[in-house]
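First up is the structure itself, then whatever we jot down about it.
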Amino acid sequence: MPLTYTRTGPGLTLSGRLDAQNARDLREVLTEHAAQPGDLTVNLADVPFIDSSALAALVSALKDLRRSGRTLRITQASAPVRELLSLTMLGRVFGLEDLR
Amino acid sequence: MTLTDDAAVTELLEQVADLSDHLVFLQRLIPQALALTDEAQATALVREAAALISTPGAALQVGGVWHGDTPGWLRALERPAAPVVLPRGSVHTGAPYTAAWRLTAVLAVPLEDGWLALWGKREFMAVERNLIGTLAQLLDAALRALRQRREAVQYEMQARDRQRAHAVWRAVTPAQLRPPEGYHLTLRSQPASDFGGDFQFQEGEWLVVGDVSGKGLPAAIITAMFASAFTVAARSSDLLSKLSEALYGHLEQSGKFCTLVALQLRPNGQVRVMNVGHPPVLLRRADGTLKEIRASAPPLGTFPLEHVTEELVVLHPGDALLLYSDGLFEAEDARGVPFGLDRTRRLAAESGPETFIERAVSALTPYTVTDDLTLLVLQRDPAVPSVQLHLTGDLARLPEIGAALRTVLAEEHPALMAAELALTELVVNAVRHGQARHLTLRVHQAGAEVLATLTDDGQAFDPRQVAAGTAGELREHGYGLLIVQRCAREWQYARVNHLNRQTLSLGAPAPLSSSPCP
């Protein structure tokens, strides 16, 4: 399943499944998007499924950004994304509070 | 008419009178003999006959026992092979027949089961011998009838006893069992005689099927002991050692042993199987593939029970366990060729769980079953929604996992998200790290949980052995297995026939107690 995204300034909106099959594409999109200055915001409201491979891409991007004093925030998250972040306890790292 | 003639006529008349008396006696004798209820009555008839022919001594021996007054000299005599008159003076007959003028002849006539003797006269006339011969024949018929009536009564009592004992045995090892929740159960229990050595008991989630060596009453007694020990043992977590403890001594003393399969059946399809010396249990998957669960310990009563490996299996809807006793595969045809285990396996694979017993019984028609025959099928309710999905190494097919789950689970099912996530992680793992190219996923709903079996042809790898790392840590690997760990209530792994097989019970994750890292 190809990756679908839209960019609006610092914001990146992803839609569709994020899994092992398109995690590499996700990494590229994130890297490319991080080339612009400032923090990165990612909207995952329209992501019906996300697995640990896609999560690894997000974590990798966050680590890169942190090295230059920036960060990656998830602005909105669908229920499956919240589930994954809750399971791995990474919600706060991405700026999401009060998962569940 | 001369005096001689007179005397002759008188004698003739006397003889005719005697004969007439004899006839009257015989006429009376027949109904009396037919109504005979014991040996005392028979003795009375012999005495009556003796009086009729005017001889004072008479005795009857039946079945080695003398009836009536029997002098010692008579007891010393042996039963004659044919009717015989021992002439006077030929036997020492003791008092009062010791004086020369009182010497007596003895008439001895054999019966089927004894003999009778008359004495006290100097001689026995032909007509008298005939009368006693006829009496002996009648007595034979009467005593035979008496014996048969007694045997019939005894037999009837024994039969009634056996009938009652059979009812007790049947209550102990019932011909019908209650289907455990979530399963279909079919049983055929056919003992070789009134009692069997095969048994089946049920208590709570436990079901035990077994076979005490030998058959008939001795085996049934051990079976009954088993049944009561089982009821208590089923409440213990260690059923088998409790059973062994209760029975080992008795089995050893009576030179018997016992094979059994103990099953603990949970309503969700999870089954613990313990096979102690019993023929292989056949696990038949819904698609007809068979797996054998062989004995992991020798029969009880042979060696002290040390260790029994229990097999944990998950029965998805339509899967079944097939159990059978040696009465099936040891049945022989006319040429002495046994039915065999191979044929049993073939039959199990070819016929569905619904028809296995029926087809086995009809396949046995040309065979002689000499032992107890027990056939039992436990099928996980095929009506429970389940799904099977075949995957390849192509990760583009990952969305099919969620789609398959949604065919058996409602969108709001609490385990859906966790199950999709965990199963996706395991599939990706098997493809990426194990190079799996053929994967099969079977899933069914079990209350708030999902039971899943994933088999893959990748390299042998038990993912449970990998340290999954902790949650909340900022790293790029190890989240996958952490996710599975947190979603799995139970997680089993086995390498079977070059395949990795994982069985999981998945549910909504329990909240973590530790606080997240910043």
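The values are calculated or read from the model by the stated rules, or taken from the named source; none is laboratory data. Small disclaimer: the values here were computed from a predicted structure and weren't measured. So basically every Cβ, Gly included, is an ideal-geometry build from the backbone, and we count neighbours across all protein chains shown. Accessible surface areas use protein heavy atoms only, side chains included; no ligands, DNA or RNA. Shrake-Rupley method; radii C 1.70, N 1.55, O 1.52, S 1.80 Å.
Computed values, structure above
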quantity	calculated
Paramagnetic label zone (point 7 Å from Cα along Cα-to-C-beta, residue B:368; backbone N under 20 Å) in the stretch B:312-341	B:326-341
The protein assembly as shown: projected area of the alpha-carbon convex hull, averaged over directions, in nm²	43.1
Charge-dipole axis of the protein assembly as shown as Lys and Arg at +1 and Asp and Glu at -1 on Cβ define it, positive-most pick from B:241, A:81, B:382	A:81
Pair residue B:9, residue B:54: separation of 7 Å Cα→Cβ label points (nm)	2.1
Rounded Å value of the spacing that divides the Cα centres of the stretch A:1-60 and the stretch B:368-438	30
Cα centre as origin, Lys/Arg/Asp/Glu Cβ charges: the protein assembly as shown dipole, Debye	1660
Nearest-0.05 FRET efficiency for residue B:181 and residue A:39, computed from C-beta distance (R0 56 Å)	0.50
Residues residue B:144 and residue B:231, FRET efficiency given R0 of 45 Å [Cβ-Cβ distance, rounded to 0.05]	0.30
For the stretch B:378-403, residues shielded by at least 40 square angstrom of accessible area compared with the chain on its own, probe 1.4 Å	B:399
Pair-distance profile P(r), taking every C-alpha pair of chain A, with 5 angstrom steps and integer %	3, 14, 27, 29, 19, 8, 1
Crossing angle, helix B:39-52 versus chain B [Cα axis fit, 0-90 degrees, rounded to tens]	10
Within the protein assembly as shown, percent of DSSP bridges classed antiparallel, to nearest 5	90
B:248, B:324, ranked by accessible area, largest first (probe 1.4 Å)	B:248, B:324
Size of the B/A contact, given as accessible area buried on both chains, probe 1.4 Å, in Å²	2500
Sorted peptide list for B:422-429, B:267-274, criterion being average Cβ within 10 angstrom, highest first	B:422-429, B:267-274
Potential extension, residue B:158-residue B:329 segment - 0.36 nm per residue separation minus Cα distance	58.2 nm
Per residue value of the accessible surface for the stretch A:58-100 (all protein chains in place, 1.4 Å probe), Å²	45
Sequence-distant lysines (8 or more away, or on other chains) whose Cα lies within less than 26 Å of residue B:215	B:242, B:256
P(r) histogram, all alpha-carbon pairs of chain B included - 10 Å bins from 0, percent	3, 14, 17, 13, 10, 8, 8, 7, 6, 5, 5, 3, 1, 0, 0, 0
10 Å Cβ neighbours from other chains, averaged over peptide A:53-62	3
Amide H within-cut-off set for residue B:114, under 5 Å, with H built and near neighbours excluded	B:63
Apportionment of accessible area to carbon and sulfur, the protein assembly as shown, percent (1.4 Å)	54
Accessible surface, chain B, averaged per residue in Å² (probe 1.4 Å)	48
Shielded by partner chains, the stretch A:20-39 residues - at least 30 Å² of accessible area, 1.4 Å probe, vs chain alone	A:20, A:21
Stretch gain in nm, segment residue B:27-residue B:125, where the contour uses 0.36 nm per residue and the Cα spacing is subtracted	33.2 nm
Degrees, to the nearest 10: B:126-172 long Cα axis against longest axis of chain B	20
Buried on assembly, the stretch B:441-483 (at least 30 Å² less accessible surface than by itself, 1.4 Å probe)	B:472, B:474, B:476, B:479, B:483
Cα-derived Rg to Rh of the stretch B:386-506, Kirkwood definition	0.94
On Cα atoms only, tilt of B:399-408 relative to the major axis of chain B in degrees	40
